[in-house]
2 protein chains.
Amino acid sequence: MNKTEPKTLSGFMELMPSEQLVFDNIKNTIIETYRSYGFYPLDTPVIEYSEVLLAKAGGETEKQIYRFNKGDNDLSLRFDLTVPLAKYVAKRYNELTFPFKRYQTGKVFRGERPQKGRFREFYQCDIDIIGDEELSLKYDSEIIAIINDIFTKLNLGKFVVRINNRKVLSGFFESLGLTDKITDILRIVDKLDKIGESEVKEILKDYNISENDVNKIIEFITMKGSTKEKLNNLRNYNCNELFMRGVSELESVIEDLENRNINPENYMIDLTIARGLDYYTGTVYETILTEYPGIGSVCSGGRYENLAEYYTDKKLPGVGVSIGLTRLFYQLVEAGIVTVENTTPSEVIILPMSENYKYIYEVNNILRNKGIKTDICYIEKGFKQKMKYANKMGNKYVIIIGDDEVNNNTVALKNMQSGEQEIIELDNLNKVDFN
Amino acid sequence: MNKTEPKTLSGFMELMPSEQLVFDNIKNTIIETYRSYGFYPLDTPVIEYSEVLLAKAGGETEKQIYRFNKGDNDLSLRFDLTVPLAKYVAKRYNELTFPFKRYQTGKVFRGERPQKGRFREFYQCDIDIIGDEELSLKYDSEIIAIINDIFTKLNLGKFVVRINNRKVLSGFFESLGLTDKITDILRIVDKLDKIGESEVKEILKDYNISENDVNKIIEFITMKGSTKEKLNNLRNYNCNELFMRGVSELESVIEDLENRNINPENYMIDLTIARGLDYYTGTVYETILTEYPGIGSVCSGGRYENLAEYYTDKKLPGVGVSIGLTRLFYQLVEAGIVTVENTTPSEVIILPMSENYKYIYEVNNILRNKGIKTDICYIEKGFKQKMKYANKMGNKYVIIIGDDEVNNNTVALKNMQSGEQEIIELDNLNKVDFN
């Protein structure tokens, strides 16, 4: 028979089992944290009408989208989880309770030119709160509390959520008489971390902004000092009403984080954070792993005025963040922050060296009832081969059950790391700590 | 601005938040059980090369597949999780440890004619064990143990795993001299539950099988008796070598289930189970919710000789089952087995009636540290509006914190079901049982 080559498309992540285990553990930590704050899960189709997904889009999105016809329908694969959320909320407006708190994790698709660390199919882990007409600023800080929880649990070293407010930036640029250039400036300034100060200055000048104004902009956004000092400093700028509203919002968010007793090392005001999208209108965030700044933001988002304006007249403000998990995972492995060795899907593996399976399953049930993930090696080969399998699986604990163990109501417990083996009475198996 | 209608494609499940919560809880129970047996997670791309996905396929599959071009590539969306598994194992053969135990849950796509309860995008929850050249029969019964665990935990009432063996059926049909018609007979016999005995008889006769043989087939497959009686009965048939190998396999599986101490009401030998696919070669299973037989099998699968013959010469036998979760969920809701009312993503909701958020977050942290999913209502309105929100969310427990509570170091705890409200000292909040 002719064989087909079993190949996978480039730009599509397909992990080895032990890598997938680590990936899923990270995903589960994110989801469990989202859930613990009382958010609903949401699951929208991968395929939507092209006209629905592209109601707003243009430019890059249209070029990258996977679009095709099936029957009479013009269909596309979702390229993010925000547009489907907007569709969902507009469609279900009358049935939903607001504020509507939802998370969604799922694959999205963008036919980008494949390059190292870029994927055409990737997971987004999104969380958003949508209000009807209005939405308390407390939700802006709740999002930071959630990020703080997630990255504390993920244990990837120090991290910091960099917080800014679009109104502060826009108000400041307005005060320089640059109102018509705000969108461009925000986009350029957002690249400061990547391309550096002098490059940003050059590009700003290309937009016909005077050297004087360029210097003021750079001086402003690179403001130094503690959170308290920055807030005082901002109050003193007092550019205009929009600016001061932004400062008040920023103050509220910071005050709320203090009330929440969040480690102050885990967040800061950073006026360089602009976020490229014109979508954001208030609080904006990025999250940096302090020891690996080269990875860039691992979790970004912010406050927007109007989630679903392409579908409905209702004003639906929201706030949220997104974790691009596929890219993040790739980077964590590349940087050696996450290792996939010695990961195993079970905590204990039983090697049966007796035919008394009634006894073997009794042992298995004791462990399972204790909540221990237990594997049994059923390969019909000798001890050496079974031990080889256990070694490959990488379990720390191996339980060997031969006829002696059956007759004596015991098991042989081997710690594969220390090499030590001990005989445990069945009655005491319950008390063993498999850590 | 012109608005786009926020519509969802027909045949694509998109649930309300409270429904999604129940759906996810079922999915999580399935995944946690899979994991507890030491299976690796696997995640393969939604999009693959068409030639890879269609290496075997033909007929219905080709017609239903979502297929399109992007750049120079002929691409398709996966229509099941078995073909991607075959591709994966063939591709990674040298890196994997066998037996390879993996589960995969994910969406698959089939452009079927939409009809009630049929979906074009649906979740499959698959679990398989793949051997290299050989695979112990113990894995056939491990799969049943897993099904037993899942449906016990899901608490959908009584269920029964119906077990058969293809070798028994094929051996029997061979003994009647019907070797060349086995595939047809298996396919027809598999419909017995749906179309009834007399219809099956008629169709078999259309295939030029004598009335005498048809009667023998029906008599055989509808064999009555206990598991023990059926096995004895089968031994006495002693048709031929293939048949007796099937009987031995069936006996081994049953014996192993007894050793595992699985409730004997949860499984039975049922010789009518054939499974339509020509793929299966040994043990086959279906699972029926006893009180809702109309739903049909909720979990099916079996043993196959060769997972990946379209990609590799390696002989890779396997055994597995699949739960079609989207369809199952739809049916559970339709039949009223699962209700989505009174589901809420948090266990407790806090209504702040004081501006002392430091205190409010202290309460929140006590609950969160106890592992209680806690929501806080931040809507900036009066008590009535906040209570209305809590009511809509459907939480059983509401915690109200006003200035009195802050001053007295207490919270007001209201049980929304009984209407009772009591004052709890902060020091005692830890001890409250929120069930």
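Laboratory data are not the source of any read-out in this text; all were calculated from the coordinates shown. Predicted model only: the values in this text are computed from it and were never measured. Note that we place each Cβ from the backbone using ideal geometry, even for glycine, and neighbour counts take in every protein chain shown.
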Given label points at 7 Å from Cα along Cα→Cβ, what nm distances, shortest first, separate B:GLU32 from the same residue in every other copy? 1.0
Based on alpha-carbon centroids, what's the gap between the range B:242-262 and the range A:194-232 in Å, whole number please? 75
When Lys and Arg each count +1 and Asp and Glu each count -1, what net charge do the other residues less than 13 Å away from B:ASP149, Cβ to Cβ, add up to? +3
Charges on Cβ only, +1 for Lys and Arg, -1 for Asp and Glu, centred on the Cα centroid of chain A; of A:ALA390, A:THR227, A:GLN104, which one is farthest towards the dipole's positive end? A:ALA390
C-alpha long axis of helix B:227-237 to longest principal axis of chain B, angle in °: 20
Ranked list, fewest to most other Cβ atoms within 10 Å of each Cβ, for B:TYR357, B:TYR40, B:TYR207: B:TYR207, B:TYR357, B:TYR40
What relative contact order, as a whole-number percentage, does chain B give when Cα pairs under 8 Å and 6 or more residues apart are counted? 16
Out of residues 5 or more away from A:ILE350 or on other chains, whose amide H comes under 5 Å of its own, with H placed 1.01 Å from N in the peptide plane? A:ASP375, A:ILE376, A:CYS377, A:ILE399
Can you work out which chain A residue has the shortest Cβ-to-axis distance for the rotation that carries A onto B, and give it in Å? A:PHE68, 2
Global geometry of the range A:1-80, whether rounded, prolate or oblate, following the gyration tensor of its Cα atoms and the 1.5 cut on a/c: oblate
Beta carbons within 10 angstrom, averaged per residue: use that to sort the peptides A:329-342, A:167-180, highest first. A:167-180, A:329-342
What 222 nm value per residue comes from the helices of the protein assembly as shown, counting each DSSP H run with n ≥ 4 as -39,500 (n - 2.57) and dividing by all residues, nearest 500 deg cm²/dmol? -11500 deg cm²/dmol
Selected from B:PRO41, B:PRO352, B:PRO84 as most flexible by GNM, with chain B as the system and alpha-carbon contacts under 10 Å: B:PRO352
Shortest first and in nm, the label-point separations between A:ASN69 and its counterparts in the other identical copies (7 Å out along Cα→Cβ) come to 1.3
With Cα atoms, 0 to 90° folded angle of helix A:325-334 axis to chain A main axis: 70
Going fewest to most other Cβ atoms within 10 Å around each Cβ, B:ASP403, A:ASP149 line up as B:ASP403, A:ASP149
Dipole moment magnitude, nearest 20 debye, the range A:348-429 about Cα centre, only Lys, Arg, Asp, Glu C-beta charged: 540
Work out the length of the dipole vector of chain B about its Cα centre, built from +1 on the beta-carbon of each Lys and Arg and -1 on the beta-carbon of each Asp and Glu, and round it to the nearest 20 debye. 740
On a C-alpha basis, how far is the centre of the range A:386-435 from the centre of the range B:77-103 in Å? Whole number, if you could? 30
For B:372-380, what's the mean count of beta carbons from other chains sitting within 10 Å of each residue's beta carbon? 6
Build a GNM of chain A with springs between Cα atoms under 10 Å: which of A:ILE372, A:ILE209, A:ILE129 gets the top mean-square fluctuation? A:ILE372
Separation in nanometres of the label points that stand 7 Å from Cα toward Cβ, at A:ASN408 and A:LYS7: 5.8
Checked the range B:44-200 against the a/c 1.5 cut and the a/b vs b/c comparison, axes a ≥ b ≥ c from its Cα gyration tensor; verdict rounded
Sorted shortest first, the nm distances from the A:GLU229 label point (7 Å along Cα→Cβ) to its counterparts in the other copies are 8.9
If you put +1 on each Lys and Arg Cβ and -1 on each Asp and Glu Cβ, how big is the dipole of the protein assembly as shown around its Cα centre, in Debye rounded to 20? 860
In which sequence would B:GLU202, B:GLU251, A:GLU48 go, from the one with the fewest C-beta neighbours within 10 Å to the one with the most? B:GLU202, B:GLU251, A:GLU48
On Cα atoms only, tilt of A:357-369 relative to the major axis of chain A in degrees: 30
Anisotropy class of the range B:348-431 from Cα gyration tensor, a/c 1.5 cut: rounded
Could you compute the net charge surrounding A:VAL348? Neighbours are other residues with a C-beta less than 11 Å from the C-beta of A:VAL348; K and R count +1, D and E count -1. +3
Please find the FRET efficiency linking B:SER210 to B:SER252, where r is the Cβ-Cβ separation and R0 is fixed at 35 Å, and quote it to the nearest 0.05. 0.55
In peptide B:212-219, how many Cβ atoms from other protein chains are near each Cβ within 10 Å, on average? 0
Based on the Cα coordinates of the protein assembly as shown, what is the per residue volume of their convex hull in Å³? 191
Expressed as a whole number, the average count of other chain Cβ atoms within 10 Å around the Cβ atoms of A:15-28 is 4
